[in-house]
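Derivation of every value follows stated rules applied to the coordinates shown; laboratory data play no part. As the structure is a prediction and not an experimental result, all values here were calculated from the model. Note that we place each Cβ from the backbone using ideal geometry, even for glycine, and neighbour counts take in every protein chain shown.
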């Protein structure tokens with residue numbers, strides 16, 4: 001691989017992304033469903049600072065791209081997200097790779113060091129490893145944002161963003177020469193016989209796998225994801241298993257402390273003969289304020305319609321990676337984190 005640096009150009013630019021940036025990121029852990037992968041990134045461009053580079057000929061990338069960014073931040077806390085996209089001639093944008101850095105962890109993940117407000121530093125981080133070929137005539141786009149919901153939990157004060165100096169910043173891509181290795185041919189993979197599990201058809205209208213809802217009046221964005229869609233599986237021995245697993249991610253487009261998630265799980269294994277029916281139901285919620293993460297969990301176990309176990313638990317967890325009480329940076333509320 002040959003590292004090729006692409007220098008960004010232009011005047012310093014304020015990167016102040018709305019908090020819902022990232023709604024087109026796709027599923028964090030894809031399982032092969034139609035809505036798992038990132039959609040066209042055109043709308044994310046409007047929420048980010050972008051730089052484009054020509055692709056004179058087909059360019060093969062293999063390895064971990066990286067960025068060097070010169071940033072000025074007026075908040076002790078924040079994050080920067082970098083994404084590389086393949087831009088076609090018609091303007092459609094395909095997400096190729098991405099990476100993120102908690103600015104408090106810029107010296108390593110083993111310690112949290114608050115940013116000195118108003119200071120300028122160079123930060124370096126890698127993006128996810130990939131193998132990809134940019135077609136001739138396409139463009140490489142580097143997009144930078146200070147939010148990426150719901151992949152990255154926003155930090156207090158991060159809505160202020162940061163100032164990027166393109167003169168001290170660059171994108172580095174690991175370019176592979178096409179002729180360096182012979183073509184590899186893979187044989188047909190071996191696999192076991194199917195287990196004979198079936199999913200009976202129903203008359204119910206299928207729910208969307210991934211739905212983005214915008215409340216224009218409140219400025220709120222809600223992402224609803226449901227990979228299982230209340231699916232039922234019937235096994236050869238007569239066992240039936242029904243599972244439901246919807247997730248909801250909510251955030252106000254201007255308030256990082258409004259981030260909320262809710263995950264519910266329901267699994268019901270049951271058999272007609274000999275008759276038995278069990279059900280486990282869980283609810284997990286996560287929110288935050290400037291100092292703590294706030295969690296609430298509930299577990300219900302049923303035998304038929306009888307509740308045999310029920311427990312709830314709430315916890316408050318200090319946001320130790322976001323701010324340091326002894327770090328000399330003061331109170332999070334003093335830096336715009338109380339909105």
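Overview of results
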{"read-out": "Computed log₁₀ I(q)/I(0) - Debye formula, equal Cα scatterers, no solvent, the range 114-203, q 0.14 Å⁻¹", "value": "-0.87"}
{"read-out": "Per-residue Cβ neighbour rank within 10 angstrom, fewest leading, 116, 302", "value": "116, 302"}
{"read-out": "Full-stretch length increase - residue 198, residue 4 - with 0.36 nm per residue and alpha-carbon distance subtracted", "value": "64.8 nm"}
{"read-out": "For 255, 90, 303, order by how many other beta-carbon atoms lie within 10 Å, fewest first", "value": "90, 303, 255"}
{"read-out": "Theoretical gain in end-to-end length, residue 178 to residue 222 [0.36 nm per residue, Cα-Cα removed]", "value": "11.5 nm"}
{"read-out": "FRET efficiency for residue 254 and residue 186, using Cβ-Cβ distance with R0 set to 41 Å, rounded to 0.05", "value": "0.25"}
{"read-out": "Relative contact order (%) - criterion: Cα under 8 Å, at least six apart; region: the chain", "value": "19 percent"}
{"read-out": "In nm, spacing of pseudo-spin labels at residue 163 and residue 31 (7 Å Cα→C-beta vector)", "value": "4.7 nm"}
{"read-out": "Full-extension gain in nm, residue 110 to residue 315, via 0.36 nm per residue minus C-alpha separation", "value": "71.4 nm"}
{"read-out": "Simple label model, 7 Å out from Cα along Cβ direction - residue 242 to residue 11, nm", "value": "6.2 nm"}
{"read-out": "Per-residue Cβ neighbour rank within 10 angstrom, fewest leading, 241, 146", "value": "241, 146"}
{"read-out": "Euclidean distance of C-alpha centroids, the range 76-96 and the range 156-192, integer Å", "value": "12 Å"}
{"read-out": "Diffusion coefficient, µm² s⁻¹, Stokes-Einstein with Kirkwood Rh over alpha-carbon pairs of the chain at 37 °C and 0.692 mPa s", "value": "143 µm²/s"}
{"read-out": "Helical contribution to [θ] at 222 nm, DSSP H n ≥ 4, -39,500 (n - 2.57), averaged over the chain, rounded to 500", "value": "0 deg cm²/dmol"}
{"read-out": "Debye intensity ratio in log₁₀ form over the Cα atoms of the range 210-335, taken at each q of 0.09, 0.13, 0.15, 0.21 Å⁻¹", "value": "-0.42, -0.74, -0.87, -1.19"}
